[in-house]
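Structure, as structure tokens:
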Amino acid sequence: MYTIKCMNTLTIVLIGIGSIIATVIIINVLTISTARKKTVSQVEILADELDRQRKDNAHLKQELKRITSMDNIFFASVLRLTSRLKTEDIAKEITGLVANFLDTREVAVLLSDVAEKRLTIVDQRGLNEDWIPKLVYEIQDKERQGKIGLCFEKKLPIGHREFAVAGIREPYEVFYPDICYPLFFQNKKFGVIAITRKEELDVRERSLLGVVSAIAGVAFNNTRSFEDITYTAHTDPLTKLYNIGYFRGRLEEELNRARRFRHTLSVAIIDLDNFKTYNDTYGHQTGDRLLIQLAQIFTKHFDKTDTIARYGGDEFIVMCPETKKQEAARVVGNLLRDLGMYDFIGGQKEVKVTFSAGVSSYPEDGTGVAELIKSADNALYEAKGAGRNTVCVYHRQIEKI
């Protein structure tokens with residue numbers, strides 16, 4: 001009996017141990033299985049994350065490529081902007097550039113007058129053409145200054161926030177710009193870029209607009225400098241009329257056009273009578289003032305299509321495109337007659353001024369610049385010999401009119 005009991009006890013112990021071992025094995029198997037599942041799950045998650053990042057990177061790469069392409073186009077446009085030498089061309093480049101890259105509803109480029117008193121639109125996109133002449137911003141008038149005038153005055157970007165602080169209002173309901181950027185270079189102010197759009201500009205867009213306004217300021221400064229240099233090179237410093245060098249170039253251009261379209265063209269040389277005596281009597285400064293006055297009178301008398309230049313000391317030369325010789329002589333004769341109505345002051349004395357003139361015409365009196373001028377000069381010589389204060393036209397035999 002004792003032996004049987006011992007065996008039963010041993011059996012129970014062995015069964016217990018077996019159960020424990022089996023439980024441990026099952027737990028280990030379950031743990032390993034769970035760990036494997038967990039590992040597989042983590043691998044899948046990692047793979048998904050890597051795939052997502054790969055897609056994101058591809059998208060970012062594509063976006064970077066797009067931005068780089070846009071930036072290249074943008075900077076190409078900016079470089080084109082700097083190559084323009086006319087204010088109107090620069091303004092057109094600005095409006096096109098800003099409208100394309102900033103998705104604007106309206107954009108306008110306004111430039112100031114010489115006195116910096118008012119700003120007017122030179123180029124625009126999105127505005128009603130009928131409004132353009134009416135949109136004039138007075139820089140020194142708070143009632144008609146608006147964001148645009150304030151931006152020009154302060155040389156700072158002006159948006160709704162800055163405008164509200166200033167405590168002034170927009171003068172025109174038809175154009176209410178969201179933001180304005182000044183166009184200036186150092187201490188020289190040129191104008192303003194004004195835009196409206198649906199959304200506010202982000203940081204990058206503000207930077208782009210800042211770059212455009214800065215480069216445009218340089219372009220306008222270069223243009224003004226170029227115009228100043230060109231003006232100085234082409235004009236007589238005393239009378240502000242064109243000089244003979246510029247006149248010859250213009251005459252050559254008009255002669256080419258006259259040949260192409262079979263037009264006539266006339267040249268007149270005007271020489272003041274007894275100018276040396278006037279200078280000797282009243283002094284060279286008074287003589288210079290007389291030349292300046294005469295230049296102003298001549299400019300008002302001839303058409304805008306005519307070109308007037310100072311030929312020499314007291315000589316002037318005029319080109320009249322598409323004008324026959326007799327008609328040009330009549331115009332110059334009217335000028336001589338009208339000049340008799342002026343009283344010029346020589347010292348304390350009023351004096352009358354007269355001139356002699358010779359007129360030639362293309363093609364009968366010459367086909368080139370030198371030949372036409374020589375023919376007009378020969379006619380002038382005849383007018384001087386005929387007693388001055390007269391106009392002669394050139395023929396094979398000079399005729400007095």
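Per-residue answers, yes or no, for (1) at pLDDT below 70; (2) more than 19 Å from the chain's Cα centre (by Cα):
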position: H59; (1), (2): yes, yes
position: I67; (1), (2): yes, yes
position: M70; (1), (2): yes, yes
position: S77; (1), (2): yes, no
position: D89; (1), (2): no, no
position: I94; (1), (2): no, no
position: V107; (1), (2): no, no
position: S112; (1), (2): no, no
In the range 234-258, how many are aliphatic (A, V, I, L, M) and touching a helix residue (DSSP H, G or I) at 6+ places or on another chain (Cβ under 8 Å)? 4
Expected single match for β-branched (V, I, T) and either under 16 Å from T239 (Cα atoms) or without any contact (Cβ under 8 Å) to a residue 24 or more places away in the chain (or both) among I373, I292 is I292
Would you check which residues across the range 232-248 are in a helix (DSSP H, G or I) and loosely packed, with under 12 Cβ neighbours inside 10 Å and list them? T232, A233, G245
Do you know which residues across the range 97-150 are aromatic (F, W, Y) and in a loop (DSSP other than H, G, I, E, B)? W131
Among the residues of the range 158-213, how many are assigned to a loop (DSSP other than H, G, I, E, B) and within 13 Å of I148 (Cα to Cα)? 9
Please verify whether I195 is assigned by TED's automatic domain parsing to the domain that holds Y137, at pLDDT 95 or above and more than 21 Å from D113 (Cβ to Cβ), treating the condition exactly as stated. yes
Kindly evaluate T307 against the criterion of being surrounded by 15 or more Cβ atoms within 10 Å (Cβ to Cβ) and farther than 24 Å from A386 by Cα. yes
How many residues does the range 289-309 contain that are closer than 16 Å to T354 by Cα and out of contact with any Phe, Trp or Tyr (no Cβ under 9 Å at 6 or more places or on another chain)? 3
Scanning for something part of a helix (DSSP H, G or I) and either in the same structural domain as H395 (by TED's automatic domain parsing) or modelled with pLDDT under 95 (or both), does the range 343-360 turn up at least one residue? no
Looking at (1) closer than 23 Å to E205 by Cβ; (2) at pLDDT below 95; (3) crowded, with 20+ Cβ neighbours inside 10 Å, which is the one condition that is false for L135? (1)
Of D228, D273, D288, the only residue that is over 26 Å from T367 (Cα atoms) and not assigned by TED's automatic domain parsing to the domain that holds A370 is D228
Which count do you get for residues in the range 205-231 that are surrounded by 13 or more Cβ atoms within 10 Å (Cβ to Cβ) and touching a residue at least 60 places away in the same chain (Cβ under 8 Å)? 12
Considering only residues that are within 22 Å of Y137 (Cα to Cα) and among the acidic types (D, E), look in the range 94-125 and name the one that is surrounded by the fewest Cβ atoms within 10 Å (Cβ to Cβ). D113
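The values are calculated or read from the model by the stated rules, or taken from the named source; none is laboratory data. Bear in mind that the values here come from a model prediction, so they are computed numbers and not experimental data. All Cβ positions, glycine included, derive from the backbone under ideal geometry; neighbour counts span all protein chains shown.
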